[in-house]
Structures are given as structure tokens and as C-alpha cells.
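Undergrad: Submitted below is the structure of interest, expressed as C-alpha cells.
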Amino acid sequence: MAAQQHNDAELKDLYRELILDHARSPRHFGKLNNATHSADGINPLCGDKLHLYLQVGTNGTIEAASFEGSGCAISVASASLLTDSVIGLSRKDAVTFGDLVIGSLTGSPADAEQELGKLEALQGVKEFPSRVKCATLAWRALTSAINSNHQTVSTE
Ligand code: ZN
């Protein structure tokens, strides 16, 4: 990967740009009319609110994903990256990937880095513990949506 040729500071800049890009121009933003699964997530600490929509096909593959809501740059970028990442995955793989992302931000499994791909960009928030909940909010909503337990996920 080209990114490995950059030093740490350059890498951080690239990640910051990726986060800002997704925060300014969220992908898959808006209501998904054919959604089969959805969940709300709120992070009272920061004021982040989002509603995640998934369209799961009959074969169990996530065919579409979108989100609505408002929040800080980190929460919006994380939700945007999420929708980009889970389309095409099976429900099971999406939950596994979500657990990996949440684990990397909260528990930091040593072998996670190779598999995170561009979600590596979120790792910078670990320097700001209060922002970790902003970054994990959408991923917690993802698990809730897939499990269809229709509960609002709150970080508090
Ligand atoms: Zn936030």
C-alpha cells in the first residue's frame, strides 16, 4: 500500500483528510426507502444522533445502507465510512467487522490493523477518549439494526 511509504505524521494527515472528507460529504446520507433493518443511535455526551438503515437481500447480503442524523465530524464520518464498508457484506460479516472496529477503538486487539482498511483512519480518536463514543456510535447501531431488536443504542 502506498500509505506505508508515508511517515507517521503524513499518515495522520491523510487520515484527517479522509475523516474531514466523509464528514463534509457523507456517503449514503438520507433515508433508505426499501430498508429492511434500521436502528437509532444516540451519544448524549456529544449530542450525536443518527438513524441507520440497511437493506438486506433474501440471501442475507447487505445490498444498501444509509444513515440520517446530525452530529460531530467524527460521528458523521464514522457512519459514512460504515455505510461504505458494509454494503456487499453478509449480515454476519458486517457484525464481525463492526466488532473489529469497535474493539480496535475500545480494546485495541493487536492483530486488527491489517483488516481495518480505511477504517484505520478512525484510530486517531483513541488519543481523545471522549471522542471514541462518537466513532463507535454508528457501529453499535449497526449491530442493533442487524439484530433487529429495535432498541435505541445509547453510548451512556
Ligand atoms: Zn460526537
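Coordinate-derived values only; no laboratory data. Please read these numbers as outputs of a predicted model, since none were measured by experiment. So basically every Cβ, Gly included, is an ideal-geometry build from the backbone, and we count neighbours across all protein chains shown.
Undergrad: Taking only segment 58-104 into account, find how many residues are of a type outside the set (A, V, I, L, M, F, W, C) and closer than 15 Å to Asn147 by Cα.
TA: So the first thing to find is which residues in segment 58-104 are of a type outside the set (A, V, I, L, M, F, W, C), and the list is 58-61, 63, 66, 68-71, 75, 78, 80, 83-85, 88, 90-93, 96, 98-99, 103-104.
Going one step further and asking which of them are closer than 15 Å to Asn147 by Cα, we end up with 60-61, 90-93, 96, 98-99.
Looking only at that region, the number is 9.
Undergrad: What's the total number of residues in segment 21-34 that are at positive phi and exposed (fewer than 14 other Cβ atoms within 10 Å of the Cβ)?
TA: First, pick out the residues of segment 21-34 that are at positive phi: 28, 30.
Among the residues that remain, those that are also exposed (fewer than 14 other Cβ atoms within 10 Å of the Cβ) are: 30.
So the count comes out to 1.
Undergrad: Continuing with the same structure: For the condition under 12 Å from Ala141 (Cα atoms), touching a residue at least 24 places away in the same chain (Cβ under 8 Å) and away from the ligand (no atom under 16 Å from the Cβ), what is the one hit in His28, His37?
TA: Values: His28 fails: under 12 Å from Ala141 (Cα atoms).
Among His28, His37, only His37 is under 12 Å from Ala141 (Cα atoms), touching a residue at least 24 places away in the same chain (Cβ under 8 Å) and away from the ligand (no atom under 16 Å from the Cβ).
Undergrad: Restrict the check to segment 131-140 and report whether at least one residue is in a helix (DSSP H, G or I), within 15 Å of the ligand (Cβ to nearest atom) and without any contact (Cβ under 8 Å) to a residue 60 or more places away in the chain. Don't jump to the end; show me each part of the working.
TA: Going through segment 131-140, the residues in a helix (DSSP H, G or I) turn out to be 131-140.
Those still in the list that are within 15 Å of the ligand (Cβ to nearest atom) too: 131-140.
Filter once more, so that each one left must be without any contact (Cβ under 8 Å) to a residue 60 or more places away in the chain: 132, 136.
Yes - at least one qualifying residue is present in segment 131-140.
Undergrad: Tell me, which helices (runs of 4 or more DSSP H) wholly within segment 35-117 include 2 or more residues that are among the hydrophobic types (A, V, I, L, M, F, W, C) and buried (at least 23 other Cβ atoms within 10 Å of the Cβ)? Steps first, answer last, please.
TA: Details: elements: 73-86, 91-106, 113-116.
Once the helices (runs of 4 or more DSSP H) in segment 35-117 are filtered for at least 2 residues that are among the hydrophobic types (A, V, I, L, M, F, W, C) and buried (at least 23 other Cβ atoms within 10 Å of the Cβ), what remains is 73-86, 91-106.
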